[in-house]
């Protein structure tokens, strides 16, 4: 594992302010985004959808090179970024497998690896198992870094695509009743999406087993924002009023007592029967992959938005790449 | 290993009929192809050869994205499809290594993985160790699936390139004497090519050790088609009359008794001495890789067609990609 | 590991003479290069730098396909070649991981693998753990082979980029005082660069621990060329007069006696204090990755050229690709 120690950091190289636009900036955290910059990204992402629907691709990023530097494999995320770059006419250096076997990791610091790869490329998407790694990479890189997951830290493009999906599916964000379901304690996507939602006028419902409740710090953020919020243990409590059901997996491994797991798991399974009680116009979302928490029979329900959510990920990443490269 | 259970299958999504053209169709099995559709593919493949010879590439598939989803590595096959897509100006998402380490395989079904990747891409080439996996992928995917090997099942583009090579090298297929040599029991390529050949007026000779004879079911298909067919244990019996010698490896592992293996192996080795007795105009083919069954001295013989066969694979795959994407 | 046995070699296929130009030639060894051909490459590489600075890319190699065939992973080198090909508008078949798990290595000879991949591609970059492997590949391939490292053998594009960096940074090569520091016994990059430098009028200083001195054979080459040369154990001896400090790592593993290692290591560490005694106009180079032999505080010194050296690697590889493909 490369050392992350940010030696001799030059503060002037920090490039994460979106205040004066996205060009040349890093995308490291959802905390960089206010409502205005979110709106800006969503407008661009919507244009990307129209572009793909109309023409399939463009030459906007022709001649630009994206390095996908993945210290741990994530087929789903790397495929999404590769598709995004290719649909804009750009090229990719795919370092998505086996970095751990190669010289870049044999004692070389992440800083040196990034300073090497920036010589070849115009933007770097980084996946790394350690919290804070994307920040270190950004401090050393002259080209924009997009954080595609730094361990238990952030994965901002996922949160952006989640919020974009809500806006696209429901036509708005303000005024919605949004229920988060499943593992709210460890679920990185829930935390990031929640941090974005506190900027909007939404009602939040958190549905989880007792041991997987939303962390107190985050709950306090929600309350400080003055949002209408409530917690419950059963998805049945929220199904009738929810505009958005954001489902995550309840992992068996989280339970010391497996009988406890068997008791609660039924309360977090989304089925066609459950959805009969839901609004006609609402959406079921999931960051995927799922392993049983949404029954396959739900897939043909028009309210099942999770695969459209995947596609929105490509549009969001097309938007981010174009924006940080100054071509949006 | 992802579950293959095709839950809630919508029969209308089956898209493997080539009766009304190839656009949007899956390529899963040689059984989809009749003489007319084979002729159609070969005409396109021949145009691709001319294109590459003349210009090296085209922009026919510019803006299109191929996902190579390989659950087991196959450098040879993935390189051929990648080259085919790139020579037509298209782009590739190469998931050719290590899927087994990534989240897409951690309990996610193949159906979900495919429905995720189809959001990013216009066509998916799938290699998967389980028989039937390509069928499942095709049932769930809205974009065309090309089966690049599903375990002991099918690998149709290999059979197409084999038959295309015979046609290109000999100028015709009808009327030829074709000998299959080596492991005819387990050899997937022999089985698939044979299934295509029964549609033509050819004589077939099957040359194998006793324990590696062609399966009875397949032999009956050949006989039902009314073809002139004979089996033998020694390639010397067929060498003088064969127009095509299709050689496969006799694997030591298939023999319980190694003295038996040592006894027979010499009967399946293709040498320059053996070829002195062959026709002046005939071809030696092999699906590759070879490990000794064709001596290297044969390579400089103009009848050695196995590397030209490799190149034909690229042309066939260019043709298939263009055809299923409606651009041929 | 594929056999390298070059059976039935056709001498006419050797294509490593640069006397009549680079088109269609292999790049296997620094011994192919005289001053004239080096100048030629550097002129092209400089044009590539201007191209990238001005436009970012070109369409010079549009429609051409490079296969990166790496039998051992080298993220750094493969990324450099991929970037080079993509910046010239070409495409890549990236076989950079896991060849060892795939059929191409299961008993197939390197010769057969190369003859397969040349059907798909216009040029092959090969990394292979065995000395001489690039030579074998070149003998069998009809398309140009670029050696990207054959074990303890050669890695010519590294030596070219090192020499190009000296020329670009110092404006000339003749007349310079060049010090090589660190592991001069096993360091492949030191050996290759030295072989190129004997063609110039330079002074050489070799700074190493006793057990890591330059091999006698190479030292004799330097002396035979009539160069001013001296060896020393301490970098302090050369720091004041050096125009170029080419630093490599002193690996702990080389020492049987670790106390000996601890004693000498300080003599090979490049620090800001050390550089205070160096000329105002000189350069510090390193093939990277480094693990402590150049202190991070040196990075902000304008004389630290190692990351510019990385970028020069891309320009050199752009030049080589364009030249062997006849498009320079």
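Below are the figures for this structure:
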{"read-out": "Verdict on residue B:24 being touching a residue at least 24 places away in the same chain (Cβ under 8 Å) and more than 21 Å from residue B:309 (Cβ to Cβ)", "value": "yes"}
{"read-out": "Set C:236, C:278, C:322: member being under 24 Å from the mean Cα position of the chain (by Cα) and over 23 Å from residue A:142 (Cβ atoms)", "value": "C:322"}
{"read-out": "The one condition in (1) in a helix (DSSP H, G or I); (2) surrounded by fewer than 17 Cβ atoms within 10 Å (Cβ to Cβ) that residue A:275 fails to fulfil", "value": "(2)"}
{"read-out": "Some residue of segment A:257-265 being at pLDDT below 95 and either crowded, with 16+ Cβ neighbours inside 10 Å or in contact with a strand residue (DSSP E or B) (Cβ under 6 Å, 6 or more places away or on another chain) (or both)", "value": "yes"}
{"read-out": "Unique residue being at pLDDT below 90 and more than 9 Å from chain C (Cβ to nearest Cβ) when the list is B:100, B:119", "value": "B:100"}
{"read-out": "Selection count where residues are closer than 14 Å to residue A:212 by Cβ, without any contact (Cβ under 8 Å) to a residue 24 or more places away in the chain and either out of contact with any helix residue (DSSP H, G or I) (no Cβ under 8 Å at 6 or more places or on another chain) or not in a helix (DSSP H, G or I) (or both), scope segment A:248-259", "value": "3"}
{"read-out": "Residue list for segment B:140-152, restricted to those being surrounded by 21 or more Cβ atoms within 10 Å (Cβ to Cβ) and farther than 19 Å from residue B:94 by Cα", "value": "B:140"}
{"read-out": "Residue match in segment C:28-46 (condition: within 12 Å of chain A (Cβ to nearest Cβ) and at pLDDT 95 or above)", "value": "no"}
{"read-out": "Given (1) modelled with pLDDT of 95 or more; (2) in a loop (DSSP other than H, G, I, E, B); (3) more than 22 Å from residue A:174 (Cα to Cα), index of the condition residue A:290 fails", "value": "(1)"}
{"read-out": "Residue in segment A:71-82 that is facing another protein chain (nearest Cβ under 9 Å), touching a strand residue (DSSP E or B) at 6+ places or on another chain (Cβ under 8 Å), free of Cβ contacts under 8 Å to residues at least 24 places away in the same chain and closer than 24 Å to residue C:56 by Cβ present", "value": "yes"}
{"read-out": "Where a residue in segment B:48-62 is over 13 Å from residue B:89 (Cα atoms) and more than 10 Å from every other protein chain (Cβ to nearest Cβ) and its partner, wherever it lies, is buried (at least 19 other Cβ atoms within 10 Å of the Cβ) and at pLDDT below 95, with Cβ under 6 Å and at least six apart", "value": "none"}
{"read-out": "Condition met for residue C:126 (in contact with a strand residue (DSSP E or B) (Cβ under 9 Å, 6 or more places away or on another chain) and either assigned by TED's automatic domain parsing to the domain that holds residue C:45 or closer than 24 Å to residue C:314 by Cβ (or both))", "value": "yes"}
{"read-out": "Residue that is farthest from residue B:249 (Cα to Cα) [pool: residues in segment B:301-312 that are more than 7 Å from chain C (Cβ to nearest Cβ) and outside any loop (DSSP other than H, G, I, E, B)]", "value": "B:312"}
{"read-out": "Helices (runs of 4 or more DSSP H) lying entirely in segment C:18-121 (those with 3 or more residues that are within 16 Å of residue C:161 (Cβ to Cβ))", "value": "C:35-54, C:75-87"}
{"read-out": "Where residue B:95 falls short, out of the listed (1) at pLDDT 95 or above; (2) touching a helix residue (DSSP H, G or I) at 6+ places or on another chain (Cβ under 9 Å); (3) within 12 Å of chain C (Cβ to nearest Cβ)", "value": "(1)"}
{"read-out": "Residue list for segment C:306-323, filter: surrounded by 24 or more Cβ atoms within 10 Å (Cβ to Cβ) and touching a strand residue (DSSP E or B) at 6+ places or on another chain (Cβ under 7 Å)", "value": "C:309, C:320, C:321"}
{"read-out": "Condition broken by residue C:130, with the remaining ones in (1) farther than 20 Å from residue B:74 by Cα; (2) assigned to a loop (DSSP other than H, G, I, E, B); (3) within 14 Å of chain A (Cβ to nearest Cβ) satisfied", "value": "(3)"}
{"read-out": "Checklist (1) more than 14 Å from chain C (Cβ to nearest Cβ); (2) outside any loop (DSSP other than H, G, I, E, B) applied to residue A:136, failing item", "value": "(1)"}
{"read-out": "Residue that is surrounded by the most Cβ atoms within 10 Å (Cβ to Cβ), among those in segment A:281-305 that are touching a residue at least 60 places away in the same chain (Cβ under 8 Å), under 29 Å from residue A:43 (Cβ atoms) and within 17 Å of the chain's Cα centre (by Cα)", "value": "A:285"}
{"read-out": "Residue C:160 vs. criteria in a helix (DSSP H, G or I) and either within 18 Å of the chain's Cα centre (by Cα) or in the same structural domain as residue C:315 (by TED's automatic domain parsing) (or both)", "value": "yes"}
{"read-out": "Members of segment C:209-247 found to be surrounded by 15 or more Cβ atoms within 10 Å (Cβ to Cβ), part of a loop (DSSP other than H, G, I, E, B) and at pLDDT 95 or above, listed by number", "value": "C:213, C:214, C:225, C:227, C:238, C:239, C:242, C:243"}
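The values are calculated or read from the model by the stated rules, or taken from the named source; none is laboratory data. Here the structure is a predicted model, which means the values were calculated and not measured. Reconstructed Cβ throughout: ideal geometry from the backbone, glycine too, with neighbour counts over all protein chains shown.
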